[in-house]
Amino acid sequence: MDNRSLGSKIYVSAKRQKADLLIKNAKIIDVFNREIFEGHVAVAEGTFAGFGEFEASHIVDAKGAYLAPSFIDSHVHIESSMVKPSEFAKVVLTHGVTTVVTDPHEIANVSGAEGIQYMLDESEGLELEVYVMLPSSVPAASFEYNGAELKAFDLEPFYQHPRVLGLAEVMDFPSVRDEKADMMEKLVQARKKKAMVDGHMAGFSPEMLDIYGSAGIRTDHEVSRIEEVHERIRRGMYVQIRHGSAAKDLPKIIHAVNKNNARRFLFCTDDKHLNDLIQEGSVDHNVRLSIELGIDPIIAIQIASLNAAECYGLRNKGGIAPGYDADFILFNDLENISIQEVYKKGVCVSKNGTYLVREKKTRDINEKKLTSTIHCNEISVSELKIPLPDKPSATIIEIEPNQLVTKKIVENVLIKEGHFIQDPIRDQLKLVLAERHHNTGIIGLGIVKGLGLKKGAIAASVSHDSHNLIAAGCHDEDIALALNHLRCQQGGLAVSLDGKILASLALPIAGLISNENAETVSRKLELVQNELLTLGAGEEIDLFLTLSFLGLPVIPEIKLTVEGLFDVLAFKHISI
């Protein structure tokens, strides 16, 4: 900000110059004192200038509506929406989210530094402010087969970018505990930059938390039990209350929030599919659900705004006060927030759920590291056989509904000619993870329980965090068909049955993101979801998002890698 701009704002505050905007007759939510007062608030050059009567170039009569700071998503992977940042912005802005803190580690695991740069470039100049945390664990674990590797020296140049805030979720606990050189360099690098460091502490013991706290790691979005909340807050950490498409932790931990500790909580979505964002909302859904479950509405709004801003050092965001960015929302019902208008730096960007800003032209993508990322040969049915010659029992990955954690169980299974046979009646399906970055031909095989398919198969190139090709199904022929379909279209989602592809969505940007607009992607996603019902799937869980986390070997108890079953707690591969 130059002297002229600052002087102009002071002139408006002193009422020697007209404000750009005056919002009159509003119930203003004060997140600092946690109270509501009625009045007017002025805006000058995108920031609040003061309360009371002002002359203004434009006047909006709120007519008694509530005026609150807009929302901040403290941890989100934009790639999980499967649309470009510009399309993601159009959706979440209508839900009152004007700022997000994103970790582009999905695209970084595929395309490395080029993926991070793509997300920075594509989010430049949007009405949505997109701040970036640099991926700390690419790959997520040293034994993973992913598309790229990011060392500390790869991340260093990005710290010069004004929208880079720090180091994203550190999920490689052994590297921190054992003081591995590159991880130490990343942590020291962040400390020298006085940058934020996010955590990923699924299933951590108190001793493990102590190690992360000592390393300067200050947030965790993997909290699913109230006891875990208290352990983290006691160590000076922020708890990010997550409610996305697959992981829905909010109802289980929101009751840990009280007046004494409320400032240590943030809201996040982490991973949320496009249609869930459109229909259900983003952080605004977290706020509504919290209020419904008994949290004071002003505390819920404070968590969604001021807390996140202060945690990430966004000093001019999160409140309605002079000198703060004029990012705010208007709504009529405090108990059931339905947003009427959304303002970004004093400009209305959404009204009654309609995005108002003219679309910006995005650049063409020519880099092969972003658009040619599926490198594997055609997968045959013979490669999908699981030999079980002696015992009728096997180790199985059991899904916990609406959770990323899984259980390791042992059950008797069907065997034919020395090989496992899928049993939809007992919900024992085949799970496949095929390496797709380096054409190694390596394929991991396992058994999964909890998807609920009765026939056919599903496959995706979205498979956290390495994003190899993942599939599950009742018949090997349908599994192979779906996987090979994705190979030909350079990634996406596919549903197959009886030798046919019933529906698919192409994701040609790193196998994660569509190059089409949000409306088109939403329609195609709906077609894919409808065909899941044809396969007998229920609607209790998001099947594709659940499937995508079955290959992430840093979340307990058991996952599948391209080299086979992985016991996360023992941190080693095991036999089926």
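Annotation: amide H of Ile374 has no partner in the under-5 Å range at sequence separation 5 or more or interchain, hydrogens built in the peptide plane. Evaluating kT/(6 pi eta Rh) at 4 °C and 1.567 mPa s, with the Kirkwood radius of region 117-262 over Cα pairs in the Stokes-Einstein relation, gives 79 µm² s⁻¹. Computed from backbone phi, the HN-Hα couplings of region 426-436 come to 9, 6, 10, 10, 7, 10, 10, 10, 10, 4, 10 Hz, rounded to whole numbers (Karplus: 6.51 cos²θ - 1.76 cosθ + 1.60, θ = phi - 60°; Gly and Pro given as x). Under 5 Å between amide hydrogens, built in the peptide plane, is the criterion, and for Leu502 it picks out Val495, Ser496, Leu497 among residues at least 5 positions away or on other chains. A cut-off under 9 angstrom between Cβ atoms defines the neighbours of Leu497, and their net charge, with Lys, Arg +1 and Asp, Glu -1, is -1. Relative to the longest principal axis of the Cα atoms of the chain, the long axis of helix 476-488 makes an angle of roughly 50 degrees.
Calculated mean residue ellipticity, 222 nm, the chain: -7000 deg cm²/dmol, from DSSP H runs (n ≥ 4) at -39500 (n - 2.57) each, averaged per residue and rounded to 500. Per the Debye formula on identical point scatterers at the alpha carbon atoms of region 69-318, with no solvent, log10 I(q)/I(0) at q = 0.08, 0.12 Å⁻¹ is -0.27, -0.64. Secondary structure note: in region 69-318, about 5% of the DSSP beta bridges are antiparallel. Pairing the Cα long axis of helix 113-122 with the longest principal axis of the chain, what angle in degrees results, from 0 to 90 and rounded to the nearest 10? Tilt of helix 113-122: around 40 degrees.
Per-residue packing, averaged as other Cβ atoms within 10 Å, sorts the ranges 502-511, 421-430 into the order 502-511, 421-430, beginning with the highest. Kindly work out what percent of the DSSP beta bridges joining two residues of the chain are antiparallel, to the nearest 5. Here the antiparallel bridges make up roughly 70 percent for the chain.
Give the angle, between 0 and 90 degrees and rounded to the nearest 10, that separates the Cα long axis of helix 283-292 from the longest principal axis of the Cα atoms of the chain. So the helix axis and the longest Cα principal axis differ by about 80 degrees. In order along region 523-536, phi translates into HN-Hα couplings of 5, 5, 4, 5, 5, 4, 4, 5, 6, 4, 5, 4, 7, x Hz, rounded to whole numbers, per the Karplus curve 6.51 cos²θ - 1.76 cosθ + 1.60 with θ = phi - 60° and x for Gly and Pro. By the beta-carbon count within 10 Å of each Cβ, the least crowded to most crowded order of His475, His375, His243, fewest first, is His375, His475, His243.
Measuring between their Cα centroids, region 506-547 and region 142-181 lie 30 Å from each other. Each residue of region 24-39 was assigned a 3J(HN,Hα) from its phi angle through the Karplus expression (A = 6.51, B = -1.76, C = 1.60, θ = phi - 60°), giving 9, 6, 10, 8, 8, 8, 8, 7, 7, 8, 6, 8, 10, 9, 9, x Hz with x at Gly and Pro.
Could you point to the label whose value was computed as Cα Rg over 2.2 N^0.38 Å for the structure here, given [x] 1.04; [y] 0.99; [z] 0.94? Evaluating Cα Rg over 2.2 N^0.38 Å on these atoms matches [y].
For region 488-576, state which chymotrypsin sites (Phe, Trp or Tyr not before Pro) are in a DSSP loop and have at most 16 other beta carbons lying within 10 Å of their beta carbon. Passing sites in region 488-576 are Phe571.
Averaging the Cα positions of each part gives two centres, and for region 184-234 and region 289-351 these lie 26 Å apart. Applying both filters, DSSP loop and at most 13 other Cβ atoms within 10 Å, to the GluC sites (Glu not before Pro) of region 471-576 gives Glu539, Glu540.
Under a cut-off of 24 Å between alpha-carbon atoms, report the lysines in cross-link reach of Lys524, not counting same-chain residues fewer than 8 places apart. The qualifying lysines are Lys84, Lys90, Lys272, Lys360, Lys361, Lys454, Lys455, Lys500.
Using the Cβ of Leu527 as centre and a radius below 15 Å, the other residues enclosed give a net charge of -1, where K and R count +1 and D and E count -1. Where the centre of each part is set by its Cα atoms, how far does region 473-498 sit from region 247-282, in angstrom? Going from one Cα centre to the other spans 33 Å. The peptide list 264-271, 351-358, 11-18, 200-207, put in order of mean Cβ contacts within 10 Å with the highest first, becomes 264-271, 200-207, 11-18, 351-358. When the GluC sites (Glu not before Pro) in region 369-420 are filtered for DSSP coil states and for at most 16 other beta-carbon atoms within 10 Å of their beta-carbon, the remaining sites are Glu378, Glu417.
With the convex hull drawn around the C-alpha atoms of region 433-576, the volume per residue stands at 108 Å³. Taking amide hydrogens as placed 1.01 Å from N in the peptide plane, the amide H of Lys345 sits under 5 Å from those of Ala326, Asp327, Phe328, each at least 5 positions away in sequence or on another chain. Local charge for Met196 was computed over the other residues whose Cβ lies under 14 Å away, with Lys and Arg +1 and Asp and Glu -1, and equals +3.
Readers should treat all values here as calculations from the given coordinates under stated rules, not as data from a laboratory. Given the structure is predicted, the values throughout are model-derived calculations rather than measurements. Don't worry about glycine lacking a Cβ; one is built from the backbone with ideal geometry, like all the others, and counts go over all protein chains shown.
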